[in-house]
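The values are calculated or read from the model by the stated rules, or taken from the named source; none is laboratory data. These figures come from a predicted structure and were not determined experimentally. FYI the Cβ positions are ideal-geometry reconstructions off the backbone, even for glycines, and counts take in every protein chain you see. The protein model used for the area step is the full one, side chains on, heavy atoms only, and it has no ligands, DNA or RNA in it. Shrake-Rupley method; radii C 1.70, N 1.55, O 1.52, S 1.80 Å.
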Amino acid sequence: MAMSEFESDNMKNSVIESTIPDCIKTEPCWLGIDEAGRGPVLGPMVYGICFSPLSLREKFGEMGFADSKTLTEEEREGIFERICAASDMMAWIVELLSPTFISNGMLSRSKYNLNAISHDCAIRLVQRALELGANIAEVYVDTVGDPEKYQAKLRNLFPNIQITVAKKADSLYPIVSAASICAKVCRDRALSKWQFQEKITVHEDGYGSGYPGDPKTKRFLSDSMDKVFGFPQFVRFGWSTASVMLQKSAVDVQWDDDEEEEDKDAVKLTSFFQKKGHDPMLDRHSYFKDRCLTSCESF
């Protein structure tokens, strides 16, 4: 798994792909989707897909896949090596979503919540598999949010593919379990090789699992927080765990311009770049622009 691109710039998202065997292009395949790192306050969230010919489903099931959360790191690594060794019958793709990307989305003016981020990532990965020539006939997804609504959304986007969205799909379908292992191994490796651009020193016990309830994670958050600049970009600022710590321990910021009365007679700099006769009050609000919403006169 070549992670050099993400390691060199872990503020950006990164996609890693395996080779695609010919059988995946010529035979109908099933594809599983799962994620790793949705809940942690630290590090990236990783989405993974794994796909293989339906004709090899029985052989695929004999490989002993299981939900990655029930396995140790060593067990996951061992199974992932078996996945890579079986490159003649399966392929995988993972996308690492950086904590910076997640935080920017969740804290932006037009909120980009974690469910929307997850859905869009899963859709991108299916589209990527199709672009690579994979003959995808069935897709199995571990749900995010309401499974019926998510399934309807995917079926609308991929009408020629049989879509199944289910809770605990990683324990029901081996192809989803395989995707789960690919995603979790990728996240584990990303965390173990994380390069802190802030040059901070991590405690010898590390930063734990990244989950808010982990004592090691709590200590890392406390030790790494700067009272002015907040946390390193390894931390997801959008999580309540991080925001509560900032509210309690960080320095209060007072924005002076918020208290100053605006001079109504002052000429704004932006007015020099507007067309004559332009009335800014008639401009569409950014809420509608950001969501690409247009006026509708009839249905």
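Of the conditions (1) at pLDDT 95 or above; (2) assigned to a loop (DSSP other than H, G, I, E, B), residue 125 satisfies every one except a single condition; which number is it?
Looking at each condition in turn, residue 125 falls short on (2).
Any idea which of (1) open to solvent by 50 Å² or more (accessible area, probe 1.4 Å); (2) under 21 Å from residue 105 (Cβ atoms) is the one residue 4 doesn't satisfy?
(2)
Anything in region 10-24 that is outside any loop (DSSP other than H, G, I, E, B) and open to solvent by 40 Å² or more (accessible area, probe 1.4 Å)? List them, or say none.
First, the residues of region 10-24 that are outside any loop (DSSP other than H, G, I, E, B): 14-17, 22-24.
Selection gives 15, 17, 22.
Name the one entry in 116, 129 that is in the same structural domain as residue 10 (by TED's automatic domain parsing) and open to solvent by less than 10 Å² (accessible area, probe 1.4 Å).
Numbers: 116 fails: open to solvent by less than 10 Å² (accessible area, probe 1.4 Å).
After ruling out the rest, the residue left standing is 129.
Report whether or not residue 199 is closer than 29 Å to residue 85 by Cα, open to solvent by 10 Å² or more (accessible area, probe 1.4 Å) and of a type outside the set (Val, Ile, Thr).
Numbers: closer than 29 Å to residue 85 by Cα: no; open to solvent by 10 Å² or more (accessible area, probe 1.4 Å): yes; of a type outside the set (Val, Ile, Thr): yes.
Criteria not met by residue 199.
Can you name the residue in region 192-237 that is of a type in the set (Ser, Thr, Tyr) and touching a strand residue (DSSP E or B) at 6+ places or on another chain (Cβ under 7 Å) and is also farthest from residue 114 (Cα to Cα) among such residues?
Just the residues of region 192-237 that are of a type in the set (Ser, Thr, Tyr), to begin with: 192, 201, 207, 209, 211, 217, 222, 224.
In the following step, the residues that additionally are touching a strand residue (DSSP E or B) at 6+ places or on another chain (Cβ under 7 Å) were identified as 207, 217.
On the way: 207: 23, 217: 21 Å.
Result: 207.
Scanning region 2-53 for residues that are of a type in the set (D, E, K, R) and in contact with a strand residue (DSSP E or B) (Cβ under 7 Å, 6 or more places away or on another chain), which turns out nearest to residue 128 (Cα to Cα)? Can you show your working first?
Going residue by residue through region 2-53, those that are of a type in the set (D, E, K, R) are 5, 7, 9, 12, 17, 22, 25, 27, 34-35, 38.
Those still in the list that are in contact with a strand residue (DSSP E or B) (Cβ under 7 Å, 6 or more places away or on another chain) too: 5, 17, 27, 34-35, 38.
On the way: 5: 18, 17: 10, 27: 17, 34: 15, 35: 16, 38: 22 Å.
Once the filter is applied, the top-ranked residue is 17.
Is there any pair linking a residue in region 1-15 that is free of Cβ contacts under 8 Å to residues at least 60 places away in the same chain to one that is open to solvent by less than 70 Å² (accessible area, probe 1.4 Å), with Cβ under 7 Å and at least six apart or on different chains, and which?
Partner pairs satisfying both residue conditions: 2/16; 5/14.
Taking the condition of being touching a residue at least 12 places away in the same chain (Cβ under 8 Å) and either open to solvent by 10 Å² or more (accessible area, probe 1.4 Å) or outside any strand (DSSP E or B) (or both), how many residues in region 78-102 meet it?
Let us first name the residues in region 78-102 that are touching a residue at least 12 places away in the same chain (Cβ under 8 Å), namely 79-80, 82-84, 86-102.
Remaining after also requiring either open to solvent by 10 Å² or more (accessible area, probe 1.4 Å) or outside any strand (DSSP E or B) (or both): 79-80, 82-84, 86-90, 92, 95, 98-102.
The total comes to 17.
Are any of the residues in region 55-70 of a type in the set (Val, Ile, Thr), modelled with pLDDT under 90 and surrounded by fewer than 24 Cβ atoms within 10 Å (Cβ to Cβ)?
Yes, region 55-70 has at least one match.
Where in region 129-214 are there helices (runs of 4 or more DSSP H), lying fully within it, with 3 or more residues that are hydroxyl-bearing (Ser, Thr, Tyr) and within 21 Å of the chain's Cα centre (by Cα)?
Values: elements: 147-157, 169-172, 174-192.
Because the criterion is at least 3 residues that are hydroxyl-bearing (Ser, Thr, Tyr) and within 21 Å of the chain's Cα centre (by Cα), the helices (runs of 4 or more DSSP H) in region 129-214 that meet it are 174-192.
Which residue is farthest from residue 250 (Cα to Cα), if the candidates are limited to region 211-229 and must be surrounded by 12 or more Cβ atoms within 10 Å (Cβ to Cβ) and of a type in the set (A, V, I, L, M, F, W, C)? I'd like the intermediate steps shown before the answer.
Within region 211-229, the subset surrounded by 12 or more Cβ atoms within 10 Å (Cβ to Cβ) is 211-212, 214, 216-221, 223-226.
Remaining after also requiring of a type in the set (A, V, I, L, M, F, W, C): 220-221, 225.
Details: 220: 16, 221: 12, 225: 8 Å.
Of everything passing the filter in region 211-229, 220 is farthest from residue 250 (Cα to Cα).
Can you say whether residue 34 is crowded, with 16+ Cβ neighbours inside 10 Å, touching a helix residue (DSSP H, G or I) at 6+ places or on another chain (Cβ under 7 Å) and either at pLDDT below 90 or not assigned by TED's automatic domain parsing to the domain that holds residue 174 (or both), as far as the supplied structure shows? Give the derivation first.
On the way: crowded, with 16+ Cβ neighbours inside 10 Å: yes; touching a helix residue (DSSP H, G or I) at 6+ places or on another chain (Cβ under 7 Å): yes; either at pLDDT below 90 or not assigned by TED's automatic domain parsing to the domain that holds residue 174 (or both): no.
When the stated conditions are applied, residue 34 does not pass them.
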